[in-house]
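The block underneath contains the structure these notes are about, expressed in structure tokens.
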Amino acid sequence: MSLKQQIDADIKQAMLAKNKDELKALRAIKSMILLAETDKGSSGELSGDAEMKLLAKAVKQRKDSAAIYKEQGREDLYAVEMAEAEVIERYLPKQLTEAELKQELEQIIAQVGASGPQDMGKVMGVASKALAGRAEGKAISTMVKTLLSQ
């Protein structure tokens with residue numbers, strides 16, 4: 001079952017359960033998928049990678065907005081954004097823990113043959129592709145900097 005079909009089925013379930021918060025998040029995902037499919041130059045069907053990137057982007061947007069709302073003392077809007085982020089995260093692969101991320105990055109560093117901070121670009125190129133959807137770019141970057149500066 002494709003992501004789009006899964007979202008459609010979950011929208012129906014949320015409508016039957018009268019779960020407005022989940023329904024709003026699911027409709028937002030469906031909207032993003034439809035917009036991406038109808039973009040200029042797209043083939044009409046999204047690949048699994050493209051779907052994961054889209055979902056990761058949606059989660060990041062929600063979390064960034066939530067952080068701003070929290071900073072401004074808007075707990076009501078913060079709760080809405082975090083609830084939407086949780087719904088969207090259900091469709092993403094399980095995120096790597098810090099220890100798992102470190103282990104994966106150490107393997108990538110050894111594979112690339114990186115020896116210091118000057119090789120960060122090489123490592124990030126490989127790591128970003130290998131860990132797409134399983135770890136945030138910011139977390140990868142921070143861990144790579146730490147590992148290469150040792």
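The values are calculated or read from the model by the stated rules, or taken from the named source; none is laboratory data. Every value quoted in this text rests on a predicted model; they were computed, and no experiment measured them. Because the Cβ atoms are built from the backbone with ideal geometry, glycine has one as well, and the counts that use them run over all protein chains shown.
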**OP:** Working carefully through the options ILE7, ILE11, find the one that is assigned to a helix (DSSP H, G or I), surrounded by 11 or more Cβ atoms within 10 Å (Cβ to Cβ) and in contact (Cβ under 8 Å) with a residue 60 or more places away in the chain.
**Re:** ILE7
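Can you spot a residue in region 51-68 that is more than 15 Å from LEU92 (Cβ to Cβ), in a helix (DSSP H, G or I) and either β-branched (Val, Ile, Thr) or touching a Phe, Trp or Tyr at 6+ places or on another chain (Cβ under 7 Å) (or both)? I'd like the intermediate steps shown before the answer.
Within region 51-68, the subset more than 15 Å from LEU92 (Cβ to Cβ) is 64-68.
Narrowing further to those that are in a helix (DSSP H, G or I): 64-68.
With either β-branched (Val, Ile, Thr) or touching a Phe, Trp or Tyr at 6+ places or on another chain (Cβ under 7 Å) (or both) added as a condition, the list becomes 66, 68.
Within region 51-68 (the criterion being more than 15 Å from LEU92 (Cβ to Cβ), in a helix (DSSP H, G or I) and either β-branched (Val, Ile, Thr) or touching a Phe, Trp or Tyr at 6+ places or on another chain (Cβ under 7 Å) (or both)), the answer is yes, since at least one residue qualifies.
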Subject >> Residue that is farthest from the chain's Cα centre (by Cα) [pool: residues in region 61-94 that are under 15 Å from ALA139 (Cβ atoms) and surrounded by 15 or more Cβ atoms within 10 Å (Cβ to Cβ)] >> reply: LYS63
Original post:
When both residues are 6+ apart or on different chains and their Cβ atoms are under 8 Å apart, which pairs have a first residue that lies in region 44-67 and is farther than 13 Å from ILE29 by Cα, and a second that is modelled with pLDDT of 90 or more and not aliphatic (A, V, I, L, M)?
Top reply: LYS63/GLU81; SER65/GLU81; ALA66/TYR78; ALA66/GLU81
Original post:
Would region 40-52 turn up any residue that is farther than 28 Å from ALA127 by Cβ and not assigned by TED's automatic domain parsing to the domain that holds LEU131?
Top reply: yes
Original post:
Among the residues of region 105-127, is there at least one that is outside the structural domain of GLN13 (by TED's automatic domain parsing), more than 24 Å from LEU23 (Cβ to Cβ), in contact (Cβ under 8 Å) with a residue 40 or more places away in the chain and not aromatic (Phe, Trp, Tyr)?
Top reply: yes
